[in-house]
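Input: a single structure, listed below in structure tokens.
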Amino acid sequence: MHAITYEAPKSLEHALRLLAAAGEKGRVLAGGTDLLIQMRAGVRTPERLIDAKTIPELQVLSFSPHEGLRLGAAVPCYRIVEDPVLCQHYPGLVEAAGLIGSVQIKNRCTVGGNLCNGSPAADTTPALIALGAVCYVASPRGTRTVAVEDFVVSPGRTVLQPDEVLVEFRIPAPPPHTADCYQRFIPRNEMDIAVVGVGAAVTLDGEVCTAARIGLGAVAPTPLFAREASASLVGKPLDDEAIATAAELAQKIARPITDMRGTAEYRLHLVGVLTRRVLKVAAERARAR
Ligand SMILES: Cc1cc2nc3c(=O)[nH]c(=O)nc-3n(C[C@H](O)[C@H](O)[C@H](O)COP(=O)(O)OP(=O)(O)OC[C@H]3O[C@@H](n4cnc5c(N)ncnc54)[C@H](O)[C@@H]3O)c2cc1C
């Protein structure tokens with residue numbers, strides 16, 4: 001590894017100044033569970049690391065029934081998994097964060113890093129898409145918002161400019177009888193990358209679905225919002241037939257590859273299986289609320 005300058009800014013404003021001064025040589029460091037590995041492998045070669053964990057604005061974690069959730073980009077995943085309010089209102093997001101790595105990894109890694117790394121297989125991204133999460137991004141030019149489904153543009157690349165920082169996610173408060181779920185398939189029990197991951201959130205009025213969102217991971221160059229599949233559920237009873245139709249529509253937008261984790265055909269099959277499963281679990285949870 002080459003010599004690196006480490007910076008621990010105490011405010012967002014300070015971090016933005018440091019990042020702007022570093023130009024292409026600067027990089028935000030959150031948990032480092034992706035970045036440090038990439039640096040060791042020579043895939044990324046930043047010369048100045050700006051620590052996201054020392055920036056108070058990136059550590060916000062608050063919920064209000066009116067405004068929903070504010071989740072700072074540098075909140076470590078263990079805080080999400082252990083937060084009773086998140087477990088109650090956003091069980092799918094908690095499931096996704098809880099699946100990342102080991103206890104040690106969860107103590108370091110962040111949802112912000114999971115998204116900014118730009119992997120199509122990042123576990124928390126389909127869960128965030130299902131919840132309609134919006135990213136707040138800051139730069140010396142001000143703040144802009146980006147929907148999570150628009151954030152990753154190709155494997156390892158995002159909409160972020162070199163001088164931009166992902167500050168936080170905002171997730172709407174769940175209306176009554178709303179719930180989410182995230183599941184992935186991996187060939188072993190833990191510590192692996194998703195072969196396919198699916199997140200879903202549904203809102204029910206009696207048995208009728210009034211809102212739905214489905215996010216897909218590891219089945220295309222970027223995480224996907226299954227727009228048509230989600231829309232197909234709205235206005236219908238959330239029964240086996242509606243769920244099967246949504247699963248077929250989700251399969252239609254998947255463009256999986258064949259690699260050492262599974263064939264494209266197998267991944268396509270898994271999209272159907274997991275979409276049906278997460279919709280059923282989300283519906284059961286929504287009915288119980
Ligand atoms: C053993 C092991 C197991 C793993 N298991 C899983 C798994 O099961 N599922 C999974 O999805 N991932 C897994 N990962 C990958 C990794 O842990 C996650 O992607 C994690 O969420 C990354 O978060 P981080 O905070 O460590 O990011 P970092 O490594 O600090 O950063 C990742 C990238 O995002 C950028 N970045 C981070 N925060 C910001 C910000 N606020 N603004 C702008 N840019 C930013 C960094 O510059 C870097 O390019 C695993 C990794 C390891 C080592």
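Laboratory data are not the source of any read-out in this text; all were calculated from the coordinates shown. Just so it is clear, the model here is predicted, and its values are computed rather than measured. For neighbour counting, all protein chains shown are included, and Cβ atoms are generated from backbone atoms with ideal geometry for every residue, glycine included.
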Counting only pairs 8 or more residues apart or on different chains, how many lysine pairs in the chain have their Cα atoms under 21 Å apart?
7
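Quick test of the membrane-span-like rule: which DSSP H helices of the chain reach at least 30 Å along their long axis (C-alpha atoms) with mean Kyte hydropathy at least -1.0? Walk me through the numbers before you get to the answer.
Values: long enough: 264-287 (34 Å, 0.01).
Taking the DSSP H segments of the chain (at least 30 Å long, mean hydropathy at least -1.0), we get 264-287.
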Once normalised by the length of the chain, the mean sequence separation of its alpha carbon contacts under 8 Å that are 6 or more apart gives a contact order in percent of 16 percent
Cα coordinate range in the range 200-289, projected on the principal axes (Å, largest first):
43, 20, 20
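What number does the range 56-171 give for Rg over Rh if you use C-alpha atoms and the Kirkwood radius? Don't skip to the answer; put the middle values down first.
Details: Rg = 13.2 Å, Rh = 14.1 Å.
Dividing the radius of gyration by the Kirkwood radius yields 0.94.
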Of all alpha-carbon pairs in the chain, indicate the percentage at a distance above 25 angstrom.
45 percent
With +1 assigned to the C-beta of every Lys and Arg and -1 to the C-beta of every Asp and Glu, and no other charges, what is the dipole magnitude of the range 170-289 about the Cα centre in debye, to the nearest 20?
280 debye
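Rounding to the nearest 20 debye, state how big the charge dipole of the chain is about its Cα centre with +1 on each Lys and Arg Cβ and -1 on each Asp and Glu Cβ.
Around 420 debye, computed over the chain.
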With Cα springs under 10 Å, the Gaussian network model of the chain assigns the largest mean-square fluctuation among Ile243, Ile186, Ile214 to Ile186
From zero outward in steps of 10 Å, how is the percent of C-alpha pairs of the range 5-54 spread across the bins?
28, 55, 17, 0
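Please rank Cys109, Cys116, fewest neighbouring Cβ atoms within 10 Å first, as an exposure proxy. Before the final figure, lay out each step's value.
Working: Cys109 23, Cys116 26.
Ranking Cys109, Cys116 by Cβ neighbours within 10 Å, fewest first, gives Cys109, Cys116.
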Dipole axis of the range 197-289 (+1 Lys, Arg; -1 Asp, Glu on Cβ), positive-most option in Phe225, Ala212, Met260
Met260
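What is the order of Ser119, Ser11, fewest Cβ neighbours within 10 Å to most?
Ser11, Ser119
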